[in-house]
1. What are the residues whose amide H is under 5 Å from the amide H of VAL148, where those residues sit 5 or more places off or on another chain and H is modelled from the backbone?
2. Assuming a ≥ b ≥ c are the square roots of the Cα gyration tensor eigenvalues, decide whether segment 59-193 counts as rounded (a/c under 1.5), prolate (otherwise, with a/b larger than b/c) or oblate.
3. Please work out how much length the chain gains when fully extended from THR197 to LYS139, using 0.36 nm per residue of separation minus the C-alpha to C-alpha distance, in nm with one decimal.
4. For ASP194, ASP445, what's the largest-to-smallest order of accessible area, 1.4 Å probe?
5. May I ask for the net charge around VAL71, where only other residues with Cβ less than 13 Å from the Cβ of VAL71 are counted and Lys, Arg are +1 while Asp, Glu are -1?
6. Take THR298 and GLU159, extend 7 Å from each Cα along the Cα→Cβ direction, and tell me the distance between the two endpoints in nm.
7. Would you mind getting the accessible area per residue of segment 279-377, heavy atoms of the protein chains only, 1.4 Å probe, in Å²?
8. So what's the net charge close to HIS381: Lys and Arg +1, Asp and Glu -1, counting the other residues with Cβ under 13 Å from its Cβ?
Amino acid sequence: MIPRLFARRAALYSRSLARSWYGTKIYRPDGSAVSVKEDLTPLAKHIRDTILATGPISVAKYMQNALTSPVGGYYTRGQVFGRSGDFVTSPEISQMFGEIMAVWYVLHWEMLGRPSKTAFVELGPGRGTLMADMLRASKRFPDFAKSVQGVHFIERSPELRKMQHSKLGCSEESTKYVQDKNDRGTPISAVGADGKTVCWYDLLDEISIEPDCVPLVMAHEFFDALPVYKFEKGSGDQWSEILVDVSESEAAATEASSKSGTAANKLAETQDLHFKYVRSRNITANAALILREPKFSTMFDKGDHVEVSPESAHIMSQLAHWISANRGMGLVIDYGQDWTQGDTFRGIKSHKFANPLSSPGSMDLTADVDFSYLRYAARDHAKCFGPIEQGTFLHAMGIQARLQQLLNTTKDTQVQKNLVECYKRLADPHSMGRIYKVLAVLPKDTQTVPIPFAPPSNEEMNKPKVEKIIK
Ligand SMILES: C[S@@+](CC[C@H](N)C(=O)[O-])C[C@H]1O[C@@H](n2cnc3c(N)ncnc32)[C@H](O)[C@@H]1O
């Protein structure tokens, strides 16, 4: 097989934090405003008008709007991956990544006694590259490939759905589109090049599969895109919420526009657009609800920050329930830690970190995943294993053997060099091998310990770890 190579992509940035970035205060919410001139895009105007009408909004609401708002949210654009986009992800670096993942599912399908019906389910499939590679690699295991009844994608972005449709070679004749006239061209089902049905959904609970069909679930770089709330510890047990407000100049310009009509309106639209962080004066309902866990009151000192994503917990709980109910298996792969973190919310634009409050909709927004929180959310429904480091996972699953096979397919030294670079990029602890983690999710009553994980400890099963953040 000819290796699919991305020689130049290997030099591009992934979305994880460069290690040297940790501990800097560049984007710490210290109240400073963005100091560049910015256009007032329809999305920025929408967020500004919401803030002016209702007061400062949560970071989570800002993030959600900036990423998925139909008024120009980042993921509605589609072309955001790769060299011409803003970042590159593991499946886009090398085919080896998807191939290794396929092997993991095949191994566990064998351990389950080769069920006759399975279906791939992917949350946030991006360009569809990972699924295309997994399907292609599955063909090496004909009985397994035959068991795969279809593919289910959870994807909100119409543009990305179109890219996934094309990546899986779906035929035009087989495609059904969303009926809504505003969403014309957004696929909801089709048949891919290999004859498998492909279906798209906005939400996990919309998926329906046959009762005897085993779901093989993948969430790669999905949870880091879900909104986070940010909080700051005050004196005693008090927490304030870090909110997003418009800057004074923006508020003043808007007030002027409401007084003197069109001319001032023009002024407001050409002002620098400044969003800034502010702290709530009192504890907000979000802080009271989200930080109920007692450790939040004992582990942190005045001035410490925490980021929490209740939407991630909600989706993880649903996912765990669904995997257990359907006797399936899942992998969650993302960058993050096995504890709660403070200041990782960031923007990524043209392969560089950027201030997340600048130009909403123009850049990717992300925050490191708190795996301990995901495990905690899943604990009633499923058994979680890990997280383990991506490098450990890939090595245990045989990435070096696969690299060697691919090296043997070519005599071109440049191609060989690129392959080795891609392997290092994915597995080296100084690159993506350590910061990216892998968590396996199996039904709650499973007796199997998935490869290459260790059985979970009681603590891992039951408690979210909250560790002191080193600032
Ligand atoms: C960073 S991309 C990862 C893409 C892909 N998994 C990869 O690794 O290349 C995040 C993906 O999640 C999708 N996404 C983000 N928020 C979502 C949400 N709330 N519901 C469904 N999909 C979402 C985006 O549209 C995109 O496909």
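1. Residues meeting the criterion, in which the H sits 1.01 Å from N, are THR118.
2. It is prolate, given that a/c is not under 1.5 and a/b is the larger ratio.
3. 19.3 nm
4. Of ASP194, ASP445, the descending order of accessible area is ASP445, ASP194.
5. Result for the local shell: +2.
6. Between THR298 and GLU159, the simple spin-label model gives 4.8 nm.
7. On the way: 3490 Å² over 99 residues.
Using a 1.4 Å probe on heavy atoms only, each residue of segment 279-377 averages 35 Å².
8. Neighbourhood net charge equals +3.
The values are calculated or read from the model by the stated rules, or taken from the named source; none is laboratory data. Treat the numbers as computed from the prediction; the structure is a model and nothing was measured. Cβ coordinates were reconstructed from backbone atoms using ideal geometry, including for glycine residues, and neighbour counts include every protein chain displayed. Ligands, DNA and RNA are excluded from the accessible area calculation, which covers all protein heavy atoms including side chains. Shrake-Rupley method; radii C 1.70, N 1.55, O 1.52, S 1.80 Å.
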